[in-house]
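To start, the structure itself, in structure tokens.
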Amino acid sequence: MVLGGEQHQADGWARQALERMRRDGLPPTPEHYAVYYYYYTGSHPNLKMAMDLLWEQHGALTAQQCADLFTTHLGLEAEHKLLKEANVAIESEIKNVLKVIDQASSGTAEYGKTLDHFEGKLSGSHSLEQIREVVTKVANETRVIAKQNERLQTQLAQTTDQLTEMRYNLDQVHRESQIDPLTEVGNRKFFDHELAHAMNEAAASTTPLTLLIVDIDHFKKFNDTHGHLIGDQVLRLVARTMVENLKGRDVIARFGGEEFVIVLPQTRAIDGEKVANQLRASLSTKHIRRRSTNETLGGVTVSVGAAEYRPGEDADSFIARADKALYRAKETGRNKVVIEDAPPAVAAVKA
């Protein structure tokens with residue numbers, strides 16, 4: 001009875017997923033289906049939140065947005081599957097190597113016994129013919145063991161190459177699973193990992209840590225007016241500008257939709273504010289152009305919320321405080337930086 005109920009529920013999720021895909025104009029590919037199906041199951045809260053936000057802003061998902069959602073929220077499962085398969089392959093290769101080494105060790109032991117046997121014969125030989133016969137047999141045995149060692153060396157070299165290639169592929173998959181494919185900065189998975197690491201480091205070393213949440217002003221209106229391709233161009237421009245204006249230790253990631261996050265280790269909120277204003281100033285010099293006509297479509301501004309880490313708080317609380325500051329920046333006119341918990345006269349710094 002329970003099984004029947006579960007099947008009925010799964011069928012319902014499948015129907016909802018297919019119906020919504022049709023409404024959004026997306027073909028039912030495996031990736032698209034997985035994104036929509038897991039949305040309706042509610043098993044991936046971050047995925048659901050991101051899709052709700054995109055639907056609210058755009059009314060429908062594009063194929064690129066769907067691919068981004070799959071990579072960010074479901075790609076980890078694919079990575080785990082690949083890691084499992086790779087572990088099996090590596091284990092198999094190691095067993096083969098150990099088997100070859102074992103065979104070589106056995107051959108070497110036999111060779112040692114043969115040499116001992118021939119040594120006894122040689123010491124008991126009195127004629128030149130007997131000595132020549134013993135030496136010939138030793139030479140033959142030596143050639144056999146040399147060929148065996150040569151085969152071992154070849155097989156070990158091949159296995160080393162295979163293991164090296166596996167490691168490269170795993171590293172490549174690991175990197176790609178943490179990169180947002182559109183903007184080429186970190187994705188949500190990368191951000192979660194790096195923020196946790198930065199918080200632990202800040203707590204252990206009692207050094208400051210600041211988080212910035214950056215939101216592109218009026219992005220939905222810009223997207224609706226000029227189309228998703230131009231919107232993608234805006235996202236890439238903002239990401240590239242952030243990379244150009246930040247240091248090597250700083251962490252940049254796409255948080256979802258038109259939001260980005262920046263983690264600033266060893267940085268006070270007041271200094272993080274300066275970084276954010278430098279970013280706004282840099283963006284103010286740039287303009288979006290339609291490549292086909294070279295038409296200038298306008299500039300880009302951002303609103304930024306900043307919060308400084310409080311030792312002992314969890315990541316959700318830290319992010320929520322920066323998000324609250326971002327909300328104040330947008331609520332009070334946009335194109336500004338607001339520090340969470342700062343007095344209003346200090347918090348808002350407008351261009």
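The reciprocal of the average 1/r between distinct C-alpha atoms defines the Kirkwood hydrodynamic radius, which for the stretch 226-275 equals 12.1 Å. The order of Asp323, Asp24 by accessible area, most exposed first and with a 1.4 Å probe, is Asp323, Asp24. With R₀ set to 45 Å, the beta-carbon distance separating Thr296 from Leu53 gives a calculated FRET efficiency near 0.95. Local charge for Asp323 was computed over the other residues whose Cβ lies under 12 Å away, with Lys and Arg +1 and Asp and Glu -1, and equals 0.
Taking label points 7 Å from Cα along the Cα-to-Cβ direction, Thr206 and Arg23 give a separation of 5.6 nm. Across the alpha-carbon set of the stretch 173-312, the Rg to Rh ratio works out to 1.00, Rh being the Kirkwood radius.
Which order do Glu258, Glu56 take by accessible area at a 1.4 Å probe, largest first? Mind dumping the intermediate values first?
Working: Glu258 20, Glu56 145 Å².
Most to least solvent-accessible, the answer reads Glu56, Glu258.
When the residues Glu150, Glu313 are ordered by accessible surface, computed with a 1.4 Å probe over the protein chains alone, the sequence from largest down reads Glu150, Glu313.
Set the Förster radius R0 to 25 Å, insert the Cβ-Cβ distance between Gln64 and Glu244 as r into 1/(1 + (r/R0)^6), and round the FRET efficiency to 0.05. Write down the numbers at each step before the final one.
Details: r = 24 Å, r/R0 = 0.96.
So, using R0 = 25 Å, E works out to roughly 0.55.
Checking the cross-link pairs Lys247/Lys324; Lys221/Lys247; Lys48/Lys189; Lys247/Lys274 against a 20 Å limit on the alpha carbon distance flags Lys247/Lys324; Lys221/Lys247 as lying beyond it.
The values are calculated or read from the model by the stated rules, or taken from the named source; none is laboratory data. In this text, all values refer to a predicted model and were calculated from it rather than measured experimentally. Positions of Cβ are generated from backbone atoms using ideal geometry, with glycine treated the same way; all protein chains shown enter the neighbour counts. The protein model used for the area step is the full one, side chains on, heavy atoms only, and it has no ligands, DNA or RNA in it. Shrake-Rupley method; radii C 1.70, N 1.55, O 1.52, S 1.80 Å.
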